[in-house]
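Contents: one structure, followed by commentary.
The values are calculated or read from the model by the stated rules, or taken from the named source; none is laboratory data. If you're wondering where the values come from, they're calculated on a predicted model, not measured in any experiment. Every residue, glycine as well, gets a Cβ built from its backbone with ideal geometry; the counts of neighbours run over all protein chains shown. Heads up: the accessible areas ignore ligands, DNA and RNA and are worked out on the full protein's heavy atoms, side chains in. Shrake-Rupley method; radii C 1.70, N 1.55, O 1.52, S 1.80 Å.
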Amino acid sequence: MTERLYYDNAYLTEFDARVLACRQEGDKYWVLLDRSAFYPTSGGQPFDTGMLGGERVEDVQAEEGQVWHLLSEPLEVGASVHGMIDWPRRFDHMQQHAADHMIAGALHRLYGGVTIGLHISDEFSTIDVSMPGGAIRLTATQIGEIEGDVNAEIQRNVPIRCWFPGEEELPALPLRKPPTVQSHVRIVAIGEKEMVACGGTHPASAGQIGPVKILWTAPARGKMRLAFAAGMRAIQDYIRCFDAAHEAAALLSSTVEQLPGAVKALQEKLHGAEMMLTKLKTEQLLSQGTGFLEEAEILPCGERLVARFVEADAQQLRQLAAHLIRQPGVIALLGARNGDQALYVFGCAADVQQDMGKLLRDAALPLGGKGGGRQDFAQGGGSEMILAAACRILMNQ
């Protein structure tokens, strides 16, 4: 088994070791050492990077107690090599992992949530949680309580202790949840509120975690997913939000404190303008109805056919069709283009002996479209060719 030096000292950044094995995989090489400070991917915490024997470490994986390091070049078996850990990456992962413990502990104590997974990405970290009653989100109040609990412990700089308890000590420890392994169980305790089995790397005290911010909660595979940032990640998130808030406030001639009210007022103003624009567009469209009727084609049966595409949304199409078929003897086949597809509304006056629902189905289905409705009014969608197909059906009756 590889001696894992990070168990005793997570701050160790350089070490010497002996190469036990080197195996090729494609154009890469997996190197096994007798001892290593490189953390292998495990428990949601990504692997360490750095240098080993002058080569860049691209991946680290554990297999049956052995730690393997992926390099671009081979190392000679039996050779002594020097390893150097990428400290900024390691310390960032230490902060995220310890913050995970503290958030999970607060979730469990305050709301009964059971954490079932951690993932540390390059931008933020997430934990999946099974909540009582199947809850899939937290309220703003709950998030505030968890953040307050965690950051208060960080401000107190409570100690973080990592150790391997003896067989007699382990059963008596107040663990948040049972260990997932039966032997070689490593415990991490943060202050007096959090204690759980974990093989990851952590700071020596909570103060080194830095601020912790919960970013969002959302449903994920029937559970709740919680995203957070700790340490420099939380500081960078604060800086981004600070800059964005102040820039937005300046654009609205507001202060940051007044920004929500200014945005709400702008939304209301925009909504009013959009409603007025829609009303004007509808009125303009309906005013064109007289011209459409004058240009209507006369069918063999004497009915007037208005068949055309117009610029309109679904509601405006329905309004225009209803407006046109108030005139006796009118059939209105209207379409509105949307990319390579179209929306259709077919209608006919009360004195017209046609079935608009059947007409639309007969025209649309052969072309992969869909539609249906009443005898006097139908709607659907599909290819732009549907309108021409419907006109041919009417002409051939």
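If you go through segment 31-56 one residue at a time, how many are within 34 Å of the chain's Cα centre (by Cα) and in a strand (DSSP E or B)?
5
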Any hit, segment 380-395, residues being open to solvent by less than 10 Å² (accessible area, probe 1.4 Å), free of Cβ contacts under 8 Å to residues at least 40 places away in the same chain, over 21 Å from Glu295 (Cβ atoms) and part of a strand (DSSP E or B): no
Members of segment 26-53 found to be open to solvent by 40 Å² or more (accessible area, probe 1.4 Å) and either touching a residue at least 12 places away in the same chain (Cβ under 8 Å) or β-branched (Val, Ile, Thr) (or both), listed by number: Asp27, Lys28, Tyr29, Asp34, Arg35, Thr41, Ser42, Gly43, Phe47, Met51
Residues that are open to solvent by less than 20 Å² (accessible area, probe 1.4 Å), closer than 18 Å to Arg90 by Cβ and either in contact (Cβ under 8 Å) with a residue 40 or more places away in the chain or not in a strand (DSSP E or B) (or both), drawn from segment 57-70: Val67
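In the list Ala218, Ala189, Ala172, Ala204, which residue meets the criterion of being free of Cβ contacts under 8 Å to residues at least 24 places away in the same chain and not acidic (Asp, Glu)?
Matching residue, one of Ala218, Ala189, Ala172, Ala204: Ala172.
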Every residue from segment 285-335 that is of a type in the set (S, T, N, Q) and either in contact (Cβ under 8 Å) with a residue 40 or more places away in the chain or open to solvent by 30 Å² or more (accessible area, probe 1.4 Å) (or both): Ser287, Gln288, Thr290, Gln315, Gln319, Gln327
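Which residues, counting only those in segment 344-362, are touching a Leu at 6+ places or on another chain (Cβ under 8 Å) and either assigned to a helix (DSSP H, G or I) or under 22 Å from Gln316 (Cα atoms) (or both)? Talk me through it step by step, then tell me what you get.
First pass over segment 344-362, keeping only residues touching a Leu at 6+ places or on another chain (Cβ under 8 Å): 344-347, 354, 359.
Of everything in segment 344-362, those that are touching a Leu at 6+ places or on another chain (Cβ under 8 Å) and either assigned to a helix (DSSP H, G or I) or under 22 Å from Gln316 (Cα atoms) (or both) turn out to be Tyr344, Val345, Phe346, Gly347, Leu359.
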